Amino acid sequence: MNRTIIYILFLLPLAACHSIEDFDNTVEGNFDALWTMVDQHYCFFDQKDVDWDECYTRYKARLYDGMSSQALFSVCAEMLDELQDGHVNLSSWFNTSYYTKWWSDYPQNYEARLIEEYYLNFNYRSLGAAKYAILPQNIGYINYSSFESSLGASNIDAMLSYFSLCIGLIIDIRDNGGGELTNSERLCRHFIPERTLAGYMINKTGPGHDDLSKPFEYYFDPIESPHIAWSKPVVILTNRSTFSAANNFVSVMQYLPNVKIVGARTGGGSGIPLNMELPCGWGIRMSSVSVLDAKGISTESGIDPTPGYAVDLDPVLALSGIDTILESAISLLQSDWQ
Amino acid sequence: MKNEKYGRMSLWKLIVCLLSALAGWAQNAETEPIRPVTSAYTTEVGTGHLADTYLTPLHYNGVHVGLRYERTQAMKSNPEHWIMQLSLGLWGDITKNPAKNATMGNAMLQFSWGTMRRWTLAPRLSLGIGPAISLSGGCLYLDRNGNNPCSARGAVTIDAIGYASYSHTLWGLPMTLRYQAQLPAIGTFFSPEYGQLYYQIYLGDTEGLVHTAWWGNYFLLDNLATADLHFGATTLRLGYHCRIFSSKVNNLVARDVSHSFVIGVVCDWISLTRGKRLPDARIISAY
């Protein structure tokens, strides 16, 4: 009896040394590591209707002995493209894979030079990635090109204060490929009148495709006084390259009563990515947390403009200095649409 | 005249009181021994191994460094048989992945306080075992990760702590060989959900972050073997510190192992208060 207790006491600590699945730094080992990490952490398998097991069989058949790193990279990148997700990248020292069809199959609907030359006359103020000016129609215009660049509450105050006599505001986030979600939140807080349900987040709870958490409600709080809250009409301009954190900004703002979305469907990218790595040192980034909007709708494939306000940039008119999307927004704000 | 009489009586009373007090203090000095505080200040350098599947499935290896303060003293209530030990440790690791193109850092702080029942098995050999409470916290940081760059660690545990100590003389130099181990038995510890990002926690998704710790999901064995070389009033401590940690919760596995060489000094501090006369005092050391 005493001996049994002693054995148990010695074996318990050994049982507690938890194992971690190891992969060899070989062609097969790296391929298996990549497939397994995506299999265990990617959050959109069901939504994308991807048969990941079938992908494993199909792409693994393309591996061969003596395969070069570059050839392996190509096979792996092609396999990742099956996910059709702009948040999925494979990074090596010679290349970064990137799924582009979420925007390359659509018209760009944006020309930065057109705005700067014909609407702003190259005369605008800048704060980080934001340019802002007052249009001749007495409408405030902010072009926020990347949420990688942070704007503090005081920066946003400065812009809104500059627009204090304007009849409305245009926030142009075409070609804004996203960045930090906190930057989306910082900007939203100046436009929401009260604590607002921003959406839901669902994360993986285990390696299975269906191991998903229950939706977690997350809220944004309005900006506190003395910071400036904006309550006049707002039009947000979008295109397919409005992605990730910028897509999140639209997903929250679209339900505010004084906000309309004008332009083209956003690029989506509602998954929050996490990073992992392969034995050979390559990095893998993939969506692991799904963010739904306040109505519980996934925006992974994009958000449509407000009904009746889908507009494309007319390339012919663009040649003569007219941005048809911006023109639509100006007309809308002048029309007393509220 | 009357006042002078009262004055003499008061003086006698004062003298009697003082003598009584002195006698009492003398008696206390006999019954209450002096309990030196043994303080050890050590630093350690060695190898560190980190793995945390929240950050990466790969194993990182590199350098481990640390500082440790340890305060040991015989307990007041039963100094012959009980000692208490307080320790404060700060350590860190800088490690690389197998491809050597990413760096993971680790910084941890641990506080522990425990008591041990000791037995003197032979004039130079003693053993002790007892309970301890530990608080630890820190984080791993992986520079290549964007939204999941860090993995926070935090735990409050009730531990078993024990030691074996043997004193002898080597080439005329008195030395004490000591092995001490500490093993959490039960407690609570922090872990995010399998795929949960810290941004979600920041937004208020705090459900299920604290877990009950037991050997099956939280194993930590802290081994410290030292040789204290007594050079007169100064003691040099040399040793080996091995820390093995492994946890598994929410389908996440973390494993840290460090092996390090320890060097430091050990001092005995005696607090002399009134009534404690050192030459006659009975001194009960924790060692």
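Tell me, yes or no, whether the range B:135-148 has at least one residue that is of a type in the set (Phe, Trp, Tyr) and within 14 Å of another protein chain (Cβ to nearest Cβ). Yes: one or more hits.
If the condition is being within 13 Å of chain B (Cβ to nearest Cβ), in a strand (DSSP E or B) and of a type outside the set (Val, Ile, Thr), then the range A:166-203 contributes A:GLY179, A:LEU197, A:ALA198, A:GLY199, A:TYR200, A:MET201, A:ASN203.
Within the span defined as the range A:272-286, every residue fails to be within 13 Å of another protein chain (Cβ to nearest Cβ), part of a loop (DSSP other than H, G, I, E, B), crowded, with 24+ Cβ neighbours inside 10 Å and in contact with a Phe, Trp or Tyr (Cβ under 6 Å, 6 or more places away or on another chain). Failed condition for B:GLY216, given (1) surrounded by 16 or more Cβ atoms within 10 Å (Cβ to Cβ); (2) within 9 Å of chain A (Cβ to nearest Cβ); (3) more than 30 Å from A:THR196 (Cα to Cα), with all others met? Evaluating B:GLY216 over (1) surrounded by 16 or more Cβ atoms within 10 Å (Cβ to Cβ); (2) within 9 Å of chain A (Cβ to nearest Cβ); (3) more than 30 Å from A:THR196 (Cα to Cα) leaves (1) as the failure. Within the range A:25-47, residues that are more than 10 Å from every other protein chain (Cβ to nearest Cβ) reach partners that are among the small types (Gly, Ala, Ser) with beta carbons closer than 8 Å, at six or more positions or on different chains, in the pairs A:PHE44/A:GLY271; A:PHE44/A:SER287; A:PHE44/A:SER290; A:GLN47/A:SER290; A:GLN47/A:SER298. When the residues of the range B:219-233 are filtered to those that are outside any loop (DSSP other than H, G, I, E, B) and over 21 Å from the mean Cα position of the chain (by Cα), the one that is surrounded by the most Cβ atoms within 10 Å (Cβ to Cβ) is B:HIS230.
Can you tell me which residue within the range B:66-113, out of those that are among the basic types (Lys, Arg) and closer than 29 Å to A:ASN275 by Cα, is farthest from the other protein chains (Cβ to nearest Cβ)?
Filtering first and then ranking leaves B:LYS96.
Across the range B:103-140, the qualifying residues are those that are in contact with a Gly (Cβ under 7 Å, 6 or more places away or on another chain) and of a type in the set (D, E, K, R), and the one among them that is surrounded by the most Cβ atoms within 10 Å (Cβ to Cβ) is B:ARG118. Would you call A:LEU256 hydrophobic (A, V, I, L, M, F, W, C), part of a helix (DSSP H, G or I) and surrounded by fewer than 24 Cβ atoms within 10 Å (Cβ to Cβ)? Considered against the rule, which asks whether it is hydrophobic (A, V, I, L, M, F, W, C), part of a helix (DSSP H, G or I) and surrounded by fewer than 24 Cβ atoms within 10 Å (Cβ to Cβ), A:LEU256 comes out as no.
Answer yes or no as to whether B:GLN182 is within 14 Å of chain A (Cβ to nearest Cβ), buried (at least 20 other Cβ atoms within 10 Å of the Cβ) and at pLDDT below 95. Walk me through it before giving the result.
Numbers: within 14 Å of chain A (Cβ to nearest Cβ): yes; buried (at least 20 other Cβ atoms within 10 Å of the Cβ): yes; at pLDDT below 95: no.
Considered against the rule, which asks whether it is within 14 Å of chain A (Cβ to nearest Cβ), buried (at least 20 other Cβ atoms within 10 Å of the Cβ) and at pLDDT below 95, B:GLN182 comes out as no.
As for the range A:204-215, it holds at least one residue that is charged (D, E, K, R), within 14 Å of chain B (Cβ to nearest Cβ) and free of Cβ contacts under 8 Å to residues at least 24 places away in the same chain. Among the residues of the range B:54-108, just one is of a type in the set (Asp, Glu) and touching a His at 6+ places or on another chain (Cβ under 7 Å), namely B:ASP93.
The values are calculated or read from the model by the stated rules, or taken from the named source; none is laboratory data. Note that the coordinates shown come from a computational prediction; the quantities given were computed from them, not determined experimentally. Cβ sites come from the backbone with ideal geometry, for glycine too, and all protein chains shown count toward neighbours.
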